[in-house]
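Structure, as structure tokens:
Read-outs throughout are calculated quantities, based only on the coordinates presented, and are distinct from any laboratory measurement. Predicted, not measured: the structure shown is a model, and the values here were computed from it. Cβ coordinates were reconstructed from backbone atoms using ideal geometry, including for glycine residues, and neighbour counts include every protein chain displayed.
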């Protein structure tokens, strides 16, 4: 029975603490529309950005286990904070303890970092992210591993997520906070020619970010790079790819009120979706 269960295919899971991971999901659906996906947002306990490593790990572990229960064989942490604070422990500690080795959990920081070497010309890169991601130093560590010659400067943008989730990304008030953070990071290193948006919410501010970013500085949103990395991963791991259902269906779960999630998700997806409530504890 255990071997039979090990061969049952399932959807690709995408987890985020809130709504931002929907930008990653959308990139997956565009690049790999043939697969089934389950999106799980832990909106009831969001945001994760300022929480401790231990808390983020425990919350993320609970979500990963729930997605495995729902039949996922491959899970992507579509959250920079979870990727920074929980991914390594889950990969090294939790997965090896499971009976079935054909389960994988991947993050979104490494695929973004892989692409940076081909984008920057000055070898000076800026990271705009949540407080938790900046404090974890994950981007700097990953970039240093792959591109030791690149200088990294990080600045947290604590008000950007609330602006987006309150549907104010297009409002005039957002301009002040966007410009302030971009001015700050450019004043710390004027040689920066690449800005990584290290939070999956931030692409919704892209028009304003580009408006206040100096000419010649490229803004990197994660979605397309993570999606191409996933496509490459599935190509290189046919054993995992065969365990991913291909019907083009997406399901949505939230730990918050389902109707509230449905309304807020419109900001990211521009479509009506069906959402179910789920408990993780």
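A few comments on the model shown:
- Relative contact order (%) - the range 33-98, alpha-carbon pairs under 8 angstrom, separation at least six: 38
- Three-way shape label, the range 70-201, alpha-carbon gyration tensor, a/c 1.5: oblate
- Candidates 145, 208, 85: whichever shows maximal mean-square fluctuation once the chain is modelled as a Gaussian network with Cα springs under 10 Å: 145
- Here the spin labels are modelled as points 7 Å beyond Cα on the Cα-Cβ line, and at residue 228 and residue 55 they lie 3.7 nm apart.
- Over the range 1-146, relative contact order from alpha-carbon pairs under 8 Å, at least 6 apart, %: 26
- Once the Cα-Cα distance is subtracted from the 0.36 nm per residue extended length, the residue 168 to residue 141 segment shows a gain of 6.4 nm.
- FRET efficiency estimate (nearest 0.05) - Cβ-Cβ, residue 159 to residue 98, R0 51 angstrom: 0.80
- Inter-label distance, nm, simple model (7 Å from Cα along the C-beta direction), residue 259/residue 180: 3.5
- At an R0 of 25 angstrom, the distance between the Cβ atoms of residue 206 and residue 149 translates into a FRET efficiency of 0.35.
- Computed from the Cβ-Cβ distance with R0 of 41 Å, the FRET efficiency linking residue 239 to residue 187 stands at 0.25.
- Estimated purely from DSSP H runs of n ≥ 4, each contributing -39500 (n - 2.57), the mean residue ellipticity at 222 nm for the chain is -12500 deg cm²/dmol once divided by its residues.
- Beta bridges by DSSP in the range 122-204, antiparallel share as percent, to the nearest 5: 0
- Taken as Cα centroids, the range 131-202 and the range 90-119 sit 23 Å apart, rounded to the nearest whole angstrom.
- Relative contact order for the range 72-132, counting Cα pairs under 8 Å that sit 6 or more residues apart, in percent: 41
- Under a Gaussian network description of the chain, with springs only between Cα atoms under 10 Å, the residue in 251, 92, 222 that fluctuates furthest is 92.
- Order of 202, 253 under a 10 Å beta carbon neighbour criterion, fewest first: 253, 202
- Gyration tensor (alpha-carbon) shape descriptor, the range 1-79, a/c threshold 1.5: oblate
- Ranked 67, 87, 269, criterion: other C-beta atoms within 10 Å, fewest first: 269, 87, 67
- Residue among 165, 271, 263 with the largest mean-square fluctuation in a Gaussian network model of the chain, springs linking Cα atoms under 10 Å: 271
- Global form of the range 165-276, assessed from the alpha-carbon gyration tensor, a/c cut-off 1.5: oblate
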